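Below is one structure, written out as structure tokens; comments come after it.
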Amino acid sequence: MDHGSFLKLSSLLRPISTHQSQHYDCTCISAQPSDKLIPETSFTLYLKQKSTLPPDWSSHIQSKGQLYFYNRTTRIVTEANVHDVSTLERICRWSLVLYHMVRIEQFNLPPRFEIFLELEEGDCDACNYYLVDHDSQTEFWLQDVNSDEVFGLITNIRALRMSIVLLNP
């Protein structure tokens, strides 16, 4: 990646916190009984699609039912559909930008970390991100962040606790 491309892309990389992410906002939809026929191949098609993930990617379902994907090599977590080639290319491009930032800034990443990527939809090809250190149970970023922008309005006790931990290490 040349320096000009890196600078352009890094300006579209936006730090967010876990409570700003859509990752934990999944609302469950309750099934309503109805007299609908489920085609016999539905489960088979699901299994076939599930098995066609790109190399190093695995799919998981969080406790609230949201599907997400994990790449064990890059430690990327995303809800973006990596079955879609163009989406996968965007995720790969953003992971390259992040790892390029790590290399340039000589960050020492913790042993047990993950990077969450959330692609922005629409005309803007931006990407939201945060990193998680599992040992210290904290999130962090590869650039300076303004606490007002990242934490914004605290809307629940869990978010308040996380904000206190992050602002007072």
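Cβ crowding within 10 Å, taken as a proxy for footprinting-reagent exposure, orders 11, 5 from fewest neighbours to most as 11, 5. Residue exposure proxy: 90, 103, 75, ordered by other Cβ atoms within 10 angstrom of their Cβ from fewest to most, comes out as 103, 75, 90.
With the cut-off at under 18 Å, measuring from each backbone N in region 67-96 to a point 7 Å along the Cα-to-Cβ line of residue 125 picks out 80-82, 84-96.
With a Förster radius of 41 Å applied to the C-beta separation of residue 147 and residue 86, the computed FRET efficiency comes to 0.75.
Each reported figure results from applying straightforward, stated rules to the coordinates on display, with no laboratory input. Bear in mind that the values here come from a model prediction, so they are computed numbers and not experimental data. We place every Cβ from the backbone using ideal geometry, glycine too, and count neighbours over all the protein chains shown.
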